[in-house]
Amino acid sequence: MPTLISHDTITPISQDGWELAEVGAPVNGSRRIVPVDDWRPESGDGLHLPGDAEPEARFSEAPLIAINFANFSDGRGLSLAVLLRTRFNFTGELRAIGDVHPELLYYLRRCGFDSYLLPDGRRAETALSTLAPYTDYYQASVLEPNPAHRRIRRFA
Amino acid sequence: MYRYDSFDQKFVDERVVHYRAQTERYLAGELPEDEFLQLRLRNGLYIQRLAPMLRVAVPYGTLDSRQLRALAYIARHYDRGYGHLSTRQNVQFNWPELAEVPDILQDLAAVQMHAIQTSGSCIRNVTTDQFAGVAADESVDPRPYCELIRQWSTSHPEFDWLPRKFKIAVTGAGVDRAAVDVHDIGLVVYRTDDGEIRFDVKVGGGLGRTPVIGKTIRQGLPAHHLLTYLEAILRVYNRYGRRDNKYKARIKILVRAMTADGFRDKVDTEWANLEGSPSTLNDDDLARIEAHFQPPAYKSPPAGAEILGTQRLEEPAFDRWLKHNVAAHKHPGYAIVTLSTKLTGVPPGDVSDVQMDAVAGWADQYGFGEIRISHEQNFVLPDVRLEQLFELWRKAEAAQLGANNVGRIDDIICCPGGDYCSLANAKSIPIAEAIQRKFESFDYQYDLGVLDLNISGCMNACGHHHVGHIGILGVDKKGAEFYQISLGGHAGNGASLGQIIGPSFSREDVPETIETILRVFLDRRLENEPFLDCFRRVGMDPFKERVYANSD
């Protein structure tokens, strides 16, 4: 079973309310997350993007965007997330799906993700224990738009 | 030099805890080998042919005596009593136990050091001129900017999972000693006539399988915009760099595919959105980081020039050492000393714990406690008083660090090669040794001048053979080790890539072939002409003709 971590806690999939839809799949109660070709801004559907997608302004109307990681060491989804959050002011839920690795959620989090669907076999305990391995970071991020030296007295 | 504040210290301390937990999860079987690989690589831990290899970051090649003593302790306690100075100014240990690496990191953190991002597909340790801050030909000290880049790139949320490794080098001097033309990003920092600090930005240079000279995509970038501009470049690379083939994943391939103009346009479009963002540096930021790199309390007035004149007349070997290993310092009365690790029979860059302790002691005794590591794999003492050079030279000689061969044919850049590395096609260290044996006295006899000879054991080019005036590359020919020789490469100002002279040579034939090349050079050379200038003037043909004269 995949594990959903949402807002830093394990969320039972049954309470999630979102379902990843194949192209043309029927609606069965859950809200759907659909590929960009099937998605309309006014539909209320979530949007499913591959890591190499080009972000668009209209995407910010989605209630949820799921970015797929083809493999966990593919960082394209990180840049896509940053662009959606900072350039297109996307304020809905940003979810990491695909080959999401529990050791790496702290990167994802700082790029603006707020939920993570860990595939079967990946340890949710690890994910929860390593969400914030560092108290603070040097550089700006989606979570913290100011670099450390701008927030606290440094280099002195 | 830069000293950690509580922020830096906390970060590296937390890194130790974090990495220790990752190692424990791996050892407990919770983390599969191929997944742990990506994590340990981002902490400098390779698994090599014989054992793990841990690469410790020496940010822009600068360390103090306490840090060097800690490295000596690590060599003694966790390794086999030696370490290796790398071509990216870092220090490598070849025999640590995987399970002990967290303890090593803890010892490193105690002296403000770490191994973060010294391998893996991320932004690597930034490198610079080993004479930064003291070179007589320097216009801007690059170290404050290197430190800003170090901090900005450390555990960057967006850029730690790039298509491939990413290397940034910075130079601020007339002579480029940082090889900025062959880095993913090469930065040239200078001061304009009205005192503004500006950067020229080169991208897409590199060695490896596809050697390329970097292209300048921005001139005159004000220092305030350095980090946001780097962010724009990295974002374009992270999004569009190839990930389907690791040999085509470096930024140079992307720049070539998009063309330099196309790449520049993409970066500029991205940067338009970042210009002025909170990561922009203000005057106060720059002033505070520069304050970390203020010159030490140099003694005035300068002394020692006279006694030096006498000493060099009395000791020809000292005179040679002064000519080759000692460089001009910004401050009168001081000199920059390069301590060569290139002793015949010792793998280039290898230094023992005893030597590390000795160098640390000299840094305290003859300087201000600071040491540099050069990309040519030598130690540098940046602040030695002229009247103390002779005494230092004597001690260096006794510690086997006094070879007077810096920039000469036997100051070889060499990768670990087939003796250690699992990627290598051929051994490189025995070739280096054979060349050193053959040409040390040859150079003495004929005064060959400045000559960079670089050896790589495979086409990944860790020994920078493409930019050696003479480059040697180990190749595999039906299971046998052969060596391809190239001429005319150069890493500094006006960088160029070597041209292959012709069919490759067996290991036994390499030294003799090099001798033939040098004989052609000596025949053709104008008075005191360096090898590179001679080659550029006469071209490949005379060398080729003589080298292959006796073959069919």
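Remarks
- Per residue, the convex hull spanned by the Cα atoms of the stretch A:1-155 measures out at 117 cubic angstrom.
- For the stretch A:13-156, the relative contact order comes to 15 percent (Cα pairs under 8 Å, sequence separation of at least 6).
- Long-range HN-HN contacts of A:E19 with modeled amide H, under 5 Å: A:R31, A:R32, A:I33
- Binning the C-alpha pair distances of chain B at 20 Å intervals from 0 yields a P(r) profile of 21, 57, 21, 0 %, listed from the shortest bin outward.
- Per-residue shielding of A:131-144, expressed as the average number of other chain Cβ atoms within 10 Å of the residue Cβ, stands at 5.
- With a cut-off of 14 Å between beta carbons, the residues surrounding B:P144 carry a summed charge of -2, where Lys and Arg count +1 and Asp and Glu -1.
- Extension reserve of the B:V175-B:A21 stretch, reckoned as 0.36 nm per residue once the Cα distance is removed: 50.9 nm
- With 10 Å bins from 0: P(r) over the stretch B:251-361, alpha-carbon pairs, percent: 10, 19, 21, 19, 21, 10, 0
- Amide H to amide H distances under 5 Å link B:S139 with B:A173, B:G174, where only residues 5 or more positions off or on other chains count and H is placed in the peptide plane.
- The stretch B:57-139: GluC sites (Glu not before Pro) in DSSP coil with no more than 13 other Cβ atoms inside 10 Å: B:E97
- When every Cα-Cα distance of the stretch B:305-398 is counted in 5 angstrom steps from zero, the calculated P(r) takes the values 3, 13, 25, 27, 19, 10, 3, 0 percent.
- By average C-beta atoms within 10 angstrom, highest first, the peptides B:122-133, B:355-366: B:122-133, B:355-366
- Residues in the protein assembly as shown average 38 Å² of solvent-accessible surface per residue, probe 1.4 Å, ligands and nucleic acids excluded.
- Nearest 10 degrees, 0 to 90: helix A:76-86 Cα axis against chain A principal axis: 80
- For the set B:E196, B:E508, solvent exposure ranked by accessible area (probe 1.4 Å, protein chains only) runs largest to smallest as B:E508, B:E196.
- Where N is the number of residues in the stretch B:177-251, Cα Rg divided by 2.2 N^0.38 Å: 1.21
- The stretch B:371-451: Rg to Rh, with Rh as the Kirkwood radius over Cα pairs: 1.03
- Largest-first principal axis extents of the Cα set of the stretch B:413-547 (Å): 44, 30, 25
- For the stretch B:134-289, the ratio of Cα radius of gyration to the globular rule of thumb 2.2 N^0.38 Å stands at 1.01.
- In the stretch B:437-521, the trypsin sites (Lys or Arg not before Pro) that fall in loop regions by DSSP, at most 12 other Cβ within 10 Å: B:K478
- For the stretch B:6-109, the normalised intensity computed at q = 0.21, 0.22, 0.24 Å⁻¹ comes to -1.21, -1.31, -1.49 (log10 of I(q)/I(0), Debye sum over alpha carbons, equal scatterers, no solvent).
- Annotation note: GluC sites (Glu not before Pro) in the stretch B:205-304 located in DSSP loop regions with a Cβ neighbour count of at most 15 within 10 Å are B:E275.
- By the Cβ rule of 4.7 Å, the protein assembly as shown holds the following cysteines without a possible disulfide partner: A:C111, B:C122, B:C146, B:C414, B:C421, B:C458, B:C534.
- For the set B:H77, A:H101, solvent exposure ranked by accessible area (probe 1.4 Å, protein chains only) runs largest to smallest as B:H77, A:H101.
- Spatial separation of Cα centroids for the stretch B:513-552 and the stretch A:103-143, in angstrom: 59
- Cα centroid of the stretch B:103-138 to Cα centroid of the stretch B:1-72, whole Å: 12
- Label-point gap, in nm, between A:E56 and B:A257 - each point 7 angstrom along Cα→Cβ: 2.3
- Shielding by partners for peptide B:243-252, expressed as the average number of C-beta atoms from other protein chains within 10 Å of each residue's C-beta, is 1.
- The mean number of partner chain beta-carbon atoms within 10 angstrom of a residue's beta-carbon across peptide B:150-156 is 5.
- What separates the Cα centres of the stretch B:436-463 and the stretch B:259-316 is a distance of 30 Å.
- With K and R counted +1 and D and E -1, the other residues having a Cβ less than 12 Å from that of B:P542 yield a net charge of +3.
- A:D38 - accessible surface, heavy atoms, 1.4 Å probe, Å² rounded to 10: 50
- Inverse of mean 1/r across different Cα pairs in the protein assembly as shown, Kirkwood, Å: 26.9
- The accessible surface of the protein assembly as shown, taken with every protein chain in place and a 1.4 Å probe, is 49 percent carbon and sulfur.
The values are calculated or read from the model by the stated rules, or taken from the named source; none is laboratory data. All figures in this text were calculated on a predicted structure; none of them were measured in a lab. Glycine gets a Cβ as well: all are built from the backbone with ideal geometry, and neighbour counts include every protein chain shown. Each accessible area value is taken on the protein alone, full model and side chains, heavy atoms only, with ligands, DNA and RNA left out. Shrake-Rupley method; radii C 1.70, N 1.55, O 1.52, S 1.80 Å.
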